[in-house]
């Protein structure tokens, strides 16, 4: 089964080049040229990963794409693609799992994507901690507290 990536960038030459590179290396790639288009595709499809440019319609449009991706039940891996690596750690606190800096070499890009996909799948496979209900956490139904 091919891993499916949603690739988002408002610069058509970059979008088409990255799409071709990823497809040559065995990925199924769906593209979007804006955050708005990406959000529609996120809601109507299922993706293993979302790679989005940061600056499109707005300076932070990429964060909008990441936010919508994180709301999806299928839980894709997420990466911000940017020519502006001075974003600091804001990208991490906004939900992206990786920062890919343009221009990026093919081998480096593929390595980073593979690492992110493996780490993301490993994390998804880990059992989630169960919350035990105890008398201390149950609501005090009908009990008076003096």
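Bear in mind these aren't lab numbers, they're just calculated from the coordinates by the rules spelled out. What you see is a predicted model; the values in this text were computed from it and never measured. When we count neighbours, we look across all protein chains shown, and the Cβ atoms used for this are built from the backbone with ideal geometry, even at glycine.
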Based on other C-beta atoms within 10 Å, arrange 5, 51, 118 from fewest to most.
-> 118, 5, 51
Would you mind ranking 1, 49 so that the residue whose beta carbon has the fewest other beta carbons within 10 Å leads the list?
-> 1, 49
Using just the C-alpha positions of region 1-73 as equal point scatterers, what log10 of I(q)/I(0) does the Debye formula give at each q in 0.14, 0.16 1/Å?
-> -0.38, -0.49
Peptides 30-42, 12-24 ordered by average Cβ neighbours within 10 Å, highest first = 30-42, 12-24
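May I ask you to derive the relative contact order of region 1-105, considering only C-alpha pairs under 8 Å and at least 6 residues apart, and to give it as an integer percent? Please report the intermediate quantities before stating the final value.
Working: 189 pairs, mean separation 24.2, N = 105.
Rounded, it is 23 percent for region 1-105.
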When 111, 94 are ordered from fewest to most other Cβ atoms inside 10 Å of their Cβ, what list results?
-> 111, 94
How long is region 4-125 along each principal axis, judged by its Cα atoms, biggest number first, in Å?
-> 34, 29, 29
